Amino acid sequence: MRALIVFESMYGCTHDIADAVARGVALVGDATTVPVSHAIDEDTSVYDLVIVGGPTHIHGMSRDSTRRGAVEAAEQPDSDLTAEPDAAGAGIRDWLGELSRREGAAAAFDTRVDKPAVLTGRASKGIAKNLQKLGFTLVADPESFLVDTHTRLLEGEVARAEQWGQMVAARIA
């Protein structure tokens with residue numbers, strides 16, 4: 001079983017979760033983790049499973065304006081945030097918009113602030129919907145991994161992401 005994990009990350013939390021998901025998948029099969037900025041080079045048809053994740057911005061997937069805002073927030077003199085190298089580049093929404101229709105197994109995850117989803121939204125729901133429109137079959141419900149209001153992962157979320165990755169991969173192995 002071969003899995004591709006594509007992620008978008010602003011401050012590193014979603015990157016950390018993608019790496020944890022990949023460690024979980026690796027207990028079942030082979031895992032390749034790719035930032036969305038390099039995902040255009042990947043042929044998704046050679047993978048048995050495609051897992052896609054990104055941060056929740058204004059109730060859903062990021063947009064150009066929200067990515068620029070995240071980078072600007074990190075550049076503020078009083079900020080303790082550090083933007084990922086490709087944070088201002090194309091996001092998951094853009095990548096999914098460029099993919100060709102295909103069949104295969106997929107799953108979606110996001111990172112979001114630890115508040116009720118009705119208040120924060122969930123990027124994973126939009127990611128999942130786009131994956132289905134492309135012809136993928138979801139093998140798990142969209143999953144959220146939580147950060148605090150300072151954009152730090154909550155305790156236990158990395159371990160939970162590993163378990164989730166293993167569970168998702170086991171469903172198709």
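The values are calculated or read from the model by the stated rules, or taken from the named source; none is laboratory data. Treat the numbers as computed from the prediction; the structure is a model and nothing was measured. With ideal geometry, Cβ positions are generated from the backbone for all residues, glycine too; neighbour counts draw on all protein chains shown.
Test Leu96 against the criterion of being under 26 Å from Ala173 (Cβ atoms), touching a residue at least 40 places away in the same chain (Cβ under 8 Å) and of a type in the set (A, V, I, L, M, F, W, C), and give yes or no. Lay out the reasoning, then the answer.
Details: under 26 Å from Ala173 (Cβ atoms): yes; touching a residue at least 40 places away in the same chain (Cβ under 8 Å): yes; of a type in the set (A, V, I, L, M, F, W, C): yes.
Here the answer is yes, as Leu96 does meet what is asked.
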Complete set of residues in segment 59-72 that are under 16 Å from Thr151 (Cα atoms), of a type in the set (D, E, K, R) and within 16 Å of the chain's Cα centre (by Cα): Arg67
Checked segment 55-86 for anything farther than 24 Å from His38 by Cβ, of a type in the set (D, E, K, R) and touching a residue at least 40 places away in the same chain (Cβ under 8 Å); matches are Asp80
Across (1) modelled with pLDDT under 95; (2) surrounded by fewer than 17 Cβ atoms within 10 Å (Cβ to Cβ); (3) over 17 Å from Ala3 (Cα atoms); (4) hydrophobic (A, V, I, L, M, F, W, C), Ala173 clears everything bar (3)
Return a yes/no flag: does segment 143-166 have any residue that is without any contact (Cβ under 8 Å) to a residue 12 or more places away in the chain and either basic (Lys, Arg) or over 28 Å from Ser79 (Cβ atoms) (or both). no
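For residues that are among the acidic types (Asp, Glu) and farther than 28 Å from Gln163 by Cβ, scanning just segment 82-118, find the one that is surrounded by the fewest Cβ atoms within 10 Å (Cβ to Cβ). Before the answer, list the steps.
Residues of segment 82-118 that are among the acidic types (Asp, Glu), as a first pass: 84, 86, 94, 98, 103, 110, 114.
Filter once more, so that each one left must be farther than 28 Å from Gln163 by Cβ: 94, 98.
Working: Asp94: 18, Glu98: 9.
In this case the residue turns out to be Glu98.
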If you go through Ser144, Ser124, the only one that is small (Gly, Ala, Ser), surrounded by 19 or more Cβ atoms within 10 Å (Cβ to Cβ), in contact with a Lys or Arg (Cβ under 8 Å, 6 or more places away or on another chain) and over 13 Å from Leu49 (Cα atoms) is Ser144
Number of positions in segment 10-21 that are closer than 19 Å to Glu42 by Cβ and surrounded by fewer than 23 Cβ atoms within 10 Å (Cβ to Cβ): 2
If we ask which residues in segment 107-158 are in contact with a strand residue (DSSP E or B) (Cβ under 8 Å, 6 or more places away or on another chain), at pLDDT 95 or above, polar (S, T, N, Q) and not in a strand (DSSP E or B), their number turns out to be 3
Residues to consider are Thr56, Thr33, Thr14, Thr44; find the one that is over 14 Å from the mean Cα position of the chain (by Cα) and of a type in the set (Ser, Thr, Tyr). Thr44
Within segment 50-62, identify whether any single residue is more than 17 Å from Ala108 (Cβ to Cβ) and in contact with a helix residue (DSSP H, G or I) (Cβ under 8 Å, 6 or more places away or on another chain), and answer yes or no. yes
